[in-house]
Amino acid sequence: MNQERMFTVLMEPHFSEKVSLLSDSSNQYGFKVARDATKAEIKEAVEKIFQVNVENVTTANVKGKVKRTARGISRSKNWKKAYVRVAAGQEIDFMVTD
């Protein structure tokens, strides 16, 4: 996988209460990923960018929320998230400064 594709597959880390509980209990991290990304691409991208060993990847398609406003009904975009489990003893540090 080329480097441009790696950075389009992983869009940003996903932080929520569920993800923080998973990271504490089972060493899993959440990411917003491209809608067309496969589990193999996500695994390869995480391993190359963060230099960790990925054990498994679980994905979920999230439907955008529907909101009613004074101007009518609007909907946020659908997106895909991935839960990535890394090997025991390893962690992903999102706050790395060089």
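The values are calculated or read from the model by the stated rules, or taken from the named source; none is laboratory data. What you see is a predicted model, and the numbers here were worked out from it, not measured in a lab. Here Cβ is always computed from backbone atoms with ideal geometry, including for glycine, and neighbour counts include all displayed protein chains.
Yes/no per residue for (1) farther than 15 Å from LYS80 by Cβ; (2) modelled with pLDDT of 95 or more; (3) under 11 Å from the mean Cα position of the chain (by Cα); (4) crowded, with 17+ Cβ neighbours inside 10 Å:
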position	(1), (2), (3), (4)
GLN3	yes, no, no, no
PHE15	yes, no, yes, no
LYS18	yes, no, no, no
LEU21	yes, no, no, no
VAL33	no, yes, yes, yes
GLU41	no, yes, no, yes
LYS48	yes, no, no, no
Pairs returned, first residue in segment 13-34 that is without any contact (Cβ under 8 Å) to a residue 60 or more places away in the chain, second residue that is among the aliphatic types (A, V, I, L, M) and in a helix (DSSP H, G or I), beta-carbon separation under 6 angstrom, 6 or more apart or interchain, are GLN28/LEU22; GLY30/VAL19; VAL33/VAL9; VAL33/ILE42; ALA34/VAL9
Could you pull out the residue among THR58, THR69 that is in contact with a strand residue (DSSP E or B) (Cβ under 6 Å, 6 or more places away or on another chain) and either modelled with pLDDT under 95 or hydroxyl-bearing (Ser, Thr, Tyr) (or both)? THR58
